[in-house]
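Peer 1: Got a structure for you, written out below as structure tokens; questions coming shortly.
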Amino acid sequence: MAYRLAYAGQAESARRQMAAHRRRQFDAEMGRTIGRAPYAHSSTPIKGERDYREATVAGAIVVYYVSAGVLTLTAVQLIAAEMHPTQD
């Protein structure tokens with residue numbers, strides 16, 4: 001079962017700063033890993049909340065909320081190792 005991926009505020013801004021090829025790789029990996037199973041792939045709950053989680057995906061640290069009732073995963077913070085302005 002796949003979840004819809006959404007990026008809020010800082011997470012979307014950080015995602016847009018990735019080089020185009022890196023962003024495509026990251027997006028594909030998000031869909032393949034926590035986008036399919038948000039409680040798996042070595043993700044860990046934050047502050048004891050099951051649906052507030054952190055995982056490393058394609059070398060980036062992603063902090064996200066899981067809304068299981070509507071099958072949505074919303075990234076609220078994204079820290080990527082290499083951040084470059086988009087050059088599309």
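Peer 1: Would you check which residues across the stretch 36-65 are over 18 Å from R15 (Cβ atoms) and in contact (Cβ under 8 Å) with a residue 24 or more places away in the chain and list them?
Peer 2: Passing the criteria: R36, Y39.
Peer 1: Just one of the numbered conditions (1) of a type in the set (A, V, I, L, M, F, W, C); (2) surrounded by 14 or more Cβ atoms within 10 Å (Cβ to Cβ); (3) in contact with a strand residue (DSSP E or B) (Cβ under 9 Å, 6 or more places away or on another chain) is not true of A19; which one?
Peer 2: So A19 meets the others, but not (3).
Peer 1: Moving to a separate point now. Suppose we filter A55, A6 for residues that are closer than 14 Å to I79 by Cα, part of a strand (DSSP E or B) and aliphatic (A, V, I, L, M); which single one remains?
Peer 2: Only one candidate passes the filter, namely A55.
Peer 1: Go through (1) in contact with a Phe, Trp or Tyr (Cβ under 8 Å, 6 or more places away or on another chain); (2) in contact (Cβ under 8 Å) with a residue 24 or more places away in the chain; (3) open to solvent by 20 Å² or more (accessible area, probe 1.4 Å) one by one and return the number of the condition T72 breaks.
Peer 2: (3)
Peer 1: Can you name the residue in the stretch 22-59 that is buried (at least 16 other Cβ atoms within 10 Å of the Cβ) and basic (K, R) and, of all such residues, is farthest from V70 (Cα to Cα)?
Peer 2: Per the stated criteria, the residue is R22.
The values are calculated or read from the model by the stated rules, or taken from the named source; none is laboratory data. Everything numeric here is computed off the predicted structure, so don't read it as measured data. Methodologically, a virtual Cβ is constructed for each residue, glycine included, from the backbone with ideal geometry; neighbour enumeration extends over all protein chains shown. Note: accessible area is taken over every heavy atom of the protein model, side chains too, but ligands, DNA and RNA are not part of it. Shrake-Rupley method; radii C 1.70, N 1.55, O 1.52, S 1.80 Å.
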